[in-house]
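Have a look at the structure below before the remarks.
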Amino acid sequence: MPATIDRTSYSEIDAAKPNPSAVNSLAIVSLALAASALVLGIPAALAGIVFGHIALAQLRRNPQRGHGIALSGVIAGYVMLVVSIVTAVVVIAFVLTGPYLLWGLAGA
């Protein structure tokens, strides 16, 4: 005799609904990538920005928590992008002009 399955407690319609008490996972990923941009640089900052915007778009459609986290990830991503670009420009400038500044060869 085959076992019967009780389908009254769980349906496919309930499974398709987002859980409003859950935090959007892309928001968390966005903030983590933006924070890791201190070490990983421009690619992590760009990924944090992209994932943050995707998370904000998802949160507009689905009732989940994490809007503040996603917004923080986007803002931190933009800040870290600017910091990374400025740092790269300064490092390149010092590498190119370092010998002239260190050994007083600028006037030669």
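We did not get these values from a lab; they are worked out from the coordinates using the rules stated. Source: prediction; values computed, not measured. Cβ atoms come from the backbone with ideal geometry, glycine included; neighbour counts cover every protein chain shown.
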Exercise. If only Cα atoms are counted, what is the Rg of the stretch 23-73, and what is its Dmax, in Å?
Worked result: 10.3, 33
Problem set entry | Distance from the stretch 36-67 to the stretch 71-91 (C-alpha centre basis), Å | 14
Exercise. In nanometres, what is the gap between the two model label sites at Ala93 and Arg61, each 7 Å from Cα along Cα-to-Cβ?
Worked result: 4.4
